[in-house]
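Take a look at the structure set out below.
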Amino acid sequence: MTSMTGRHESTSNRPMTNPASFEAMWADLAGVGRSTCTAGYRRFALTPEDVQLREWFEQEAARRALDLIVDRAGNQWAWWGDPDSGPGVATGSHLDSVPDGGAFDGPLGVVSAFAAIDLLLTQEFTPARPIGVACFSDEEGARFGVPCSGSRLLTGALDPDSARALTDLDGTSYADAMAWAGRTPHLLGADPEAMARIGTFVELHVEQGRTLIELGAPVGVASEIWPHGRYRFDFTGRADHAGSTLMSDRADPMLTYAVTALAANKQARTLDARATFGRIIVTPNGINAVPSEITAWLDARAESPATLEALLKVVTRQAAERAGRDGTKLKVSVESWSDVVRFDVPLRDQLAAVLRGAPVVPSAAGHDAGVLSAAGIPTAMLFVRNPTGISHSPEEFAELGDCAAGVRGLADVLRELAG
């Protein structure tokens, strides 16, 4: 078996039984990438924080004598049992974050996966199928703009040449960032060998919403993921003096952008969809200058592709009409697209039964599980209750008791699927 960065060979058929507890693992991660000003996390792909997180994952794999494999897309896998002996059962999530994100989005799934294996060991369980823990690379896409790039590359949904050419806001390419991190850009790409090891995938994640609060349930099972698109809007005008230029003489792209943002909000409310302009770049970004260019990114989601297409069509049309009145120009480009994902129904129902009637709930948030599902792997998700209902924010949270329920539930699921 080969890997990009090597492999820890197990010395026995069973992992070690003296691993760190859930609380200890959580404490180890708590300070990595955390802002002292906002208390939010800035854990971006191919940065010093990312390197530290990957080292933590390696250490936890080694602590349990799990086989560590890094696939061609840069995702880390820790396997209990020989993953090439037959398709296994994989779980896990990601460790990166959005800017000033919460502690639970992603890391909860990785820590819970290790903790679930530990629980199975205390129960003296021996899997009939290999069990793997995944740490997917760059799930949020916060630095290079494409979400779930690690799982998209793994499955072949993202072209490796396109990925290598992605740049961050400072102009650093994905390929150069990989080289800085000691990884090999030319190996980047789909990995059929790694895919063949995954017979079933179950991702545990903190809920990013309020459904489980309303249902009074600590753990739920996902039914589907809404379609999701990221779109770049480039508004071009003419730089000018903020004091001497008459309002009637301006070609101000900020006005075009502002009307577009309001149009997106209105259409999302009308269609019961989601539309967010969360990143904007202003050029030249001077207090006393009319901007020459506005670059803004729209994140749009809806229950169906048709609804999402209708939203984008109306917003783009209204933006173009406003650009005509403002004397500006508009260019819209698609940066990423994720179709609707409906998780494997028999697997979903099996998990709900194992969890003794856990509620089945939809998700409007994207996940690596959705990418694997779209690639044909039987996939499911478990959600752990978030008492704030808030995510992608330092206020994101999960009670320790609910986290423990998630670990027990995941252990029960792994026992059912790998037993």
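Values as computed for the structure displayed
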quantity: Loop-located trypsin sites (Lys or Arg not before Pro) in segment 188-295 whose Cβ has at most 16 other Cβ within 10 Å (DSSP); calculated: Arg210, Arg238
quantity: Backbone HN-Hα couplings from phi across segment 156-171 [Karplus 6.51/-1.76/1.60, Hz, Gly and Pro as x]; calculated: x, 6, 10, 5, x, 5, 5, 5, 4, 8, 4, 10, 8, 5, 8, x
quantity: Karplus-derived HN-Hα couplings along segment 373-381 (A = 6.51, B = -1.76, C = 1.60, θ = phi - 60°), whole Hz, x at Gly and Pro; calculated: 4, 5, 7, x, 8, x, 9, 9, 9
quantity: Formal net charge of residues neighbouring Arg63 (Cβ-Cβ distance under 12 Å; K, R +1; D, E -1); calculated: -3
quantity: Choice from His241, His392, His205 showing the highest fluctuation, given a GNM over the chain with Cα pairs closer than 10 Å; calculated: His241
quantity: Charge dipole (the chain, unit charges on Cβ, about Cα centre) - positive-most of Gln208, Ala142, Val290; calculated: Val290
quantity: Candidates Ala380, Ala353, Ala264: whichever shows maximal mean-square fluctuation once the chain is modelled as a Gaussian network with Cα springs under 10 Å; calculated: Ala353
quantity: Lys/Arg +1, Asp/Glu -1 at C-beta; the chain dipole; positive extreme among Thr316, Phe44, Tyr174; calculated: Thr316
quantity: Rounded to 5, percent antiparallel among DSSP beta bridges of the chain; calculated: 70 percent
quantity: Residue-count net charge about Asp326 - beta-carbon cut-off 11 Å; Lys, Arg +1, Asp, Glu -1; calculated: +3
quantity: Lys, Arg +1 and Asp, Glu -1 on Cβ, resulting dipole of segment 228-338 about Cα centre, debye, nearest 20; calculated: 140 debye
quantity: Top of Gly327, Gly370, Gly199 by mean-square fluctuation, Gaussian network on the chain, Cα under 10 Å; calculated: Gly327
quantity: Taking Trp337, Trp226 and counting other C-beta atoms within 10 Å, the order from fewest to most; calculated: Trp337, Trp226
quantity: Asp159, Asp118, Asp170 arranged by Cβ crowding within 10 Å, fewest neighbours leading; calculated: Asp170, Asp159, Asp118
quantity: Candidate aspartates and glutamates - alpha carbon under 13 Å from Lys331, same-chain residues fewer than 8 apart omitted; calculated: Asp234, Glu293, Glu321
quantity: Exposure proxy ranking, count of Cβ atoms within 10 Å, fewest first, for Met254, Met381; calculated: Met254, Met381
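None of the figures in this text is laboratory data; all of them are computed from the coordinates on show. The structure displayed is predicted, hence computed values, not measured ones. When we count neighbours, we look across all protein chains shown, and the Cβ atoms used for this are built from the backbone with ideal geometry, even at glycine.
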